[in-house]
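Read the structure below first, then the notes.
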There are 2 protein chains.
Amino acid sequence: MSTRFLDAAVNLLGPRGLTRDADLMEPWLTDWRGRYTGRALALASPANTQEVASLVKLCSQHRVPIVPQGGNSGMSGGATPDKSGETLLLSLRRMSAFRHWNEEARQVVCEAGVVLQTLHDAAEQRGLRFPLTLGGRGSATIGGLISTNAGGTQVLRHGTMRAQVLGLEAVLPNGEVFDTLAALKKDNRGFDLKQLLIGSEGTLGIVTAATLALAPKIAARRVMFAGLETVQQARRLLLFASARMGDTLEGFEIMPRTALESVLAYEPALRDPLTLPHQWYALFEVVADEAQAPSLEERATAVLAAALREGLLADATIATNETQAEALWALRDGISSAERAHGPAVQHDIAVPVERMPDFIVEASQMLEGRFTGTQAVAFGHLGDGNVHFHLRAPKGAKAGEWEETHGKAVSATVHDLVTQWGGSISAEHGIGQMKRDELARLGDPATLTILRSVKQALDPAGIMNPGKLVPLASRAPAP
Amino acid sequence: MSTRFLDAAVNLLGPRGLTRDADLMEPWLTDWRGRYTGRALALASPANTQEVASLVKLCSQHRVPIVPQGGNSGMSGGATPDKSGETLLLSLRRMSAFRHWNEEARQVVCEAGVVLQTLHDAAEQRGLRFPLTLGGRGSATIGGLISTNAGGTQVLRHGTMRAQVLGLEAVLPNGEVFDTLAALKKDNRGFDLKQLLIGSEGTLGIVTAATLALAPKIAARRVMFAGLETVQQARRLLLFASARMGDTLEGFEIMPRTALESVLAYEPALRDPLTLPHQWYALFEVVADEAQAPSLEERATAVLAAALREGLLADATIATNETQAEALWALRDGISSAERAHGPAVQHDIAVPVERMPDFIVEASQMLEGRFTGTQAVAFGHLGDGNVHFHLRAPKGAKAGEWEETHGKAVSATVHDLVTQWGGSISAEHGIGQMKRDELARLGDPATLTILRSVKQALDPAGIMNPGKLVPLASRAPAP
């Protein structure tokens, strides 16, 4: 049967559109973090929406499961096939056209395979910008960013990917094309099905294109870096800066001294921007348009001075040119790589209501370090969104791989239990994928899980769309 | 069976919570526009979410259909029961508490029955504001606004109701409570089911409470009123004002001379703000916070002067105090009532991509006035959102009721056909309800309709939630 399917698929896509070459497939069968490796029947690379639709119809007829993939830089194994070798890996990377720019309306229709950095560059050339960015921008694709509802460092001001998507084109599990690319600002013709596809990790359909909102280019920015005594101070500083800078405050990130130290050790070209060491740091950025640009420096300096007077920070610096600004951001962007180089650790991507995050970090760190002897908690990231990446470093001398294998599950269960008690989310911006599916089943609200499964069953009754990802299996019926 | 159900319901809700008194029920059985009148088994008014949940469970057991209702000021008959007398009318008006204010985070948790004006007032007392408003604010409830994803005159800057909802509590068709009131800024635990409930008009569940985003109070506003030669000029003025005023531009409304004249005739206290008559008018508002307030007047005046120089308007005035500002808005807010007083007409609430709206208005007006002799087209409203209310006035001397009865369906079909050809929406902000369900079935994209029905079937398999509303019936199977 798989031979018949493959023949039909080659026929449909041509030799460029389908390969079974092991060397060509290999890079795409392991996730970016190296946590999961799978196998695939073949790697399909359709060239346009019509090919995707025909291919999905074919898969539906032959009951061949599909794993859609963008840049393969996801954090939860959502784009990696299982080990059965029976699924079709469907890459959207060949679909990388900008279909239509509308500079006046500040919109672009772009295909799923467009890489984020490419979009940034193309928008800039048109005097515009796409206001979402993250570390993986050199590989992450628009389709992947939409399917995972990606976040990043500008969510505070601009929202997650969901907020940027004005219209969507997607191929549904039956091969039909859902098309709302003609972006209407208001449209109340029933349930907003576009919202259902955003963040559904390819389990309800395959995003093939989107109409995205663009923002005016900024004329100037100022990046500030403050040394703090406690993480609670970071929250107070955030409120203070937010009240004074309003919508011009685009991001507010925090990191502890331990994270800064690992970045400085890993990237010798970077320096500590402040003279004395501090327990915590806040990195934040304000932007201005043409009209506001001339007074930006003055306003930023005034806010820092006022915050110092009110005891909201211990010391601070402000980047006066782009090189300095990039150097400050490099301290933040370098944390993930530096932490990985530092040694074994278990990572979490969690959210709680913004105002509770500082207390959560303190309590969670104490609990984890107490329960797992010799470990060290490192929480960093998007305080302004109530979202941090919470790592627990292994004790000194622990063997990489072995320690995570032995303790990882217990560590994560402890973190996720606590997050759930605090009314938070076990996945703030990285999605569920295959990594957190069992934890979602264990900790998810039963009413929510019921709807989740019902919607999946309704839209994909044959279960061919990215099986094994996101949607927890139904709880087993009690033994008779 | 209905006696057993009613006994159980009275037992559950107490005498205050359930009535069958015809006089008490009567005001709620006809929609606000007087288009639909239905009957009901009883009127239930539960006091809290637990009572709603128990009642829905009871309805589910007895297969009693439920029609949820807020302020009964919807525009599409979505909250009016059918004539069977077998449905339960479920009012949320008793649930009108503010559960929790979080001024620091600028959030409020409020129950479904809170009236919009009450929320406006309560937010203002706390130095905040709720940035969504519309004509029906004295009766429209938060639950109704969420269920219909209401729009209004501040969508240009702040988005529709969907954009204000941070968290939701709803009772599902099986009586379970879906609760995401703990508003997380980021949460990627699967499909965003909250989005599914927003705008679903009570067909998937009953909204009982929501966590809403508030905005800082504005310190000053300026309202401008411009006379224009063509509606295309309005679009150019919008782009011009938008480029210069950015996010401080909160609304941009248009109206033709005919609409202004009917308002002036209907409301003798109002005056034409400009000396000479113009074919079209634009009404727009800019706002400022404390920091920007001192320069607002100057900036607004400069934009008007520049627009005049560039030939983007023929004449303009600017309100220099709140009384004048209110008088200008009264011209806009009075159109619906004035048009109703003027004589019979058929109304539509439509959207097309923003940049195409002026051309659409011209083409649609010509086509309709040509096809239906003696009629006059009046298009007014939210140009900035690509959404106008498109009325076709009956020929002079036409008999109210009779004319709409005879020609209404053909007029609406013509408008909706054209909107669909232009890639637009037959319901921009008023929803589908019972009024547009057949038109949605006729003109909706088949792939979209299929998902719509699948989702409804999955979440409400017994079909007890607001039956006959929004979701088009499946197309009939061909005769055997």
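Coordinate-derived values only; no laboratory data. Note that the coordinates shown come from a computational prediction; the quantities given were computed from them, not determined experimentally. Neighbour counts run over all protein chains shown; Cβ positions are idealised from the backbone, glycine included.
In order along the range A:183-199, phi translates into HN-Hα couplings of 5, 9, 5, 10, 7, 10, 8, x, 3, 7, 5, 4, 5, 5, 6, 5, x Hz, rounded to whole numbers, per the Karplus curve 6.51 cos²θ - 1.76 cosθ + 1.60 with θ = phi - 60° and x for Gly and Pro. Here B:Ser365, A:Ser200 are placed in order of increasing Cβ neighbour count within 10 Å, fewest first, which gives B:Ser365, A:Ser200.
Cβ crowding within 10 Å ranks B:Asp121, B:Asp385, B:Asp445 as B:Asp121, B:Asp445, B:Asp385, fewest other Cβ atoms first.
Within a 10 angstrom radius of the beta carbon, how do B:Ile318, A:Ile142, A:Ile66 rank from fewest other beta carbons to most?
Least crowded to most crowded, the residues run B:Ile318, A:Ile66, A:Ile142.
Relative contact order for the range A:68-148: what percent, with Cα pairs under 8 Å and sequence separation of 6 or more? After rounding, I find 34 percent.
Give me the compactness ratio for the range B:293-347, meaning the Cα radius of gyration over 2.2 N^0.38 Å.
1.57
When the Cα atoms of the range A:268-405 are aligned to their principal axes, the ranges along those axes come out at 56, 34, 28 Å in descending order. Per residue, the convex hull spanned by the Cα atoms of the range A:203-272 amounts to 239 cubic angstrom.
Could you give the semi-axes, largest first, of the ellipsoid that matches chain B, computed as the square roots of 5 times the alpha carbon gyration tensor eigenvalues and rounded to whole Å?
Three semi-axes, in Å: 38, 28, 20.
Report, in deg cm²/dmol and to the nearest 500, the calculated mean residue ellipticity at 222 nm for chain A, where each DSSP H run with n ≥ 4 adds -39500 (n - 2.57) and the sum is divided by the residue count.
Helix contribution divided over all residues of chain A: -11000 deg cm²/dmol.
For the pair the range B:139-175 / the range A:52-93, the C-alpha centres are spaced 36 Å from each other. In the calculated pair-distance distribution of the protein assembly as shown, the portion above 44 angstrom amounts to 34 percent of the Cα-Cα pairs. Sorting A:181-189, B:82-90 by their mean Cβ neighbour count within 10 Å, with the most densely packed peptide first, gives A:181-189, B:82-90.
Applying a 10 Å radius around every beta-carbon, put B:13-19, B:226-232, A:67-73 in order of their mean neighbour count, most first. Spell out each step's value before the answer.
Details: B:13-19: 15.3, B:226-232: 19.7, A:67-73: 24.9.
Answer by packing, highest mean first, reads A:67-73, B:226-232, B:13-19.
The mean number of Cβ atoms from other chains found within 10 Å of a Cβ in peptide A:449-462 is 5, as a whole number. Using θ = phi - 60° in the Karplus curve 6.51 cos²θ - 1.76 cosθ + 1.60, the 3J(HN,Hα) couplings for the range A:345-356 round to 7, 10, 9, 9, 10, 10, 9, 9, x, 3, 5, 9 Hz; x is entered for Gly and Pro. Take each residue in A:418-428, count the other chain C-beta atoms within 10 Å of its C-beta, and the mean is 3. For B:Leu239, put the label point 7 Å out on the Cα→Cβ axis and report which residues of the range B:342-374 keep their amide N under 16 Å from it. So the set is B:353-360.
When the P(r) of the range B:278-318 is calculated, the portion above 13 Å amounts to 58% of the C-alpha pairs. Apply the Debye scattering formula to the range B:220-335, with a single equal point scatterer on each alpha-carbon and no solvent, then give log10 I(q)/I(0) at q = 0.11, 0.12 Å⁻¹. Computed log10 I(q)/I(0) values: -0.32, -0.39.
Is there a simple number for the mean count of other chain Cβ atoms within 10 Å of the Cβ of residues in B:171-184, and what is it? Mean partner shielding for this stretch: 4.
Under the criterion of Cα pairs below 8 Å and six or more residues apart, the relative contact order for chain B equals 15 percent.
Contact order, relative form, for the range A:418-472: 46 percent (alpha carbon pairs under 8 Å, 6 or more residues apart, mean separation divided by residue count).
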